[in-house]
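Throughout, read-outs are computed from the coordinates displayed, never taken from laboratory work. None of these values were measured; they are calculated from a predicted model. Every residue, glycine among them, receives a Cβ derived from its backbone with ideal geometry; neighbour counts consider all protein chains shown.
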Amino acid sequence: MSTTFTRNDGRAPDEIRPMSLTLGTTPYAHGSSEVSIGATRLLTSVSLSPLQKEAASPPEITVSISMLPRSTHLRITEPLIAIAIQSELDSVQKLVRRAIQASVSESILDEVTINVDCHIVCSDAGIATAAVAGSWSAISEAIERGVGKRELPADASIEPIAAVSIGYCSDRWLFDISADEASNADFVATLVVDESGRIAEIKANSIIEPVEPAALLGVCQQATGQMKDIFARMK
């Protein structure tokens, strides 16, 4: 991918926006984090609820993602806008839940239900990337505390996962697209990968123009290579 093209924010096509992650932002939660990716800010809290084994309730992971009313350029009040945003948030929730389900050890789900609550303070695209990073880091903190207090099995763990968006815009592929780029893109997708570079989840957000499979495969392979930077920031 050529890097001579410069985006509106000064980034190269394959450049990911700066990410910062802070743990322990909510003292009452079992695990919590704050993630910033460019202008996007997201708060995550995790609650671990013991299973009522006599009720034979199945293991469960719940993910809830909400937006503050003024987290976007306009206050979210119009019903049609709110419905459209909630539909997108629902799809991100499903993506995050499936990614966590595939990454968390069975020994945890034998003991607790994992409840993840994400609140978007400011949105400039990258919500799925921030939600995956925030959820993983908050769950990791909750597991570490639970194991330390002997409330979880010693082998309880969650494999590292991270996400990034890709988009085809202005006749080129872009990584970690902004809101302006997403609104003008012909194709937008989110990749969730593990630390070895394997794709754990993929979600096509919008497809206006079809893309060649070989081109998509190539950009996915390149994007997974760029994820090393995100994994480094999450640790």
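Structure data summary
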read-out: Computed lengthening from T4 to A39, 0.36 nm per intervening residue step minus Cα-Cα distance; value: 10.2 nm
read-out: Among V132, V116, V211, residue whose mean-square fluctuation peaks in a GNM of the chain (springs only between Cα atoms under 10 Å); value: V211
read-out: Spin-label zone in segment 1-34 - amide nitrogen under 12 Å from a point set 7 Å from the Cα of Q222 along the C-beta vector; value: 1-5, 12-15
read-out: Dipole magnitude of the chain, debye to nearest 20 (Cβ charges: Lys/Arg +1, Asp/Glu -1, about Cα centre); value: 400
read-out: Environment charge at V96 (Cβ cut-off 12 Å; Lys +1, Arg +1, Asp -1, Glu -1); value: +1
read-out: Packing rank of 108-114, 213-219, where each peptide gets the mean count of other beta carbons within 10 Å, highest leading; value: 108-114, 213-219
read-out: Sum of side-chain charges, R11 neighbourhood, beta-carbon under 11 Å (Lys, Arg +1; Asp, Glu -1); value: -3
read-out: Under the Karplus curve 6.51 cos²θ - 1.76 cosθ + 1.60, θ = phi - 60°, whole-Hz ³J(HN,Hα) for segment 27-37, x wherever Gly or Pro sits; value: x, 8, 7, 5, x, 7, 7, 10, 10, 10, 10
read-out: Candidates S105, S178, S123: whichever shows maximal mean-square fluctuation once the chain is modelled as a Gaussian network with Cα springs under 10 Å; value: S105
read-out: Pair-distance profile P(r), taking every C-alpha pair of segment 87-235, with 10 angstrom steps and integer %; value: 11, 39, 32, 13, 4, 0
read-out: Net charge dipole size for segment 79-132 [Lys, Arg +1 and Asp, Glu -1 on Cβ; Debye, nearest 20]; value: 160
read-out: Of K149/K235; K149/K228; K203/K235, pairs whose Cα-Cα distance is over 28 Å; value: K149/K228
read-out: Relative contact order [Cα under 8 Å, 6+ residues apart], the chain, whole percent; value: 21
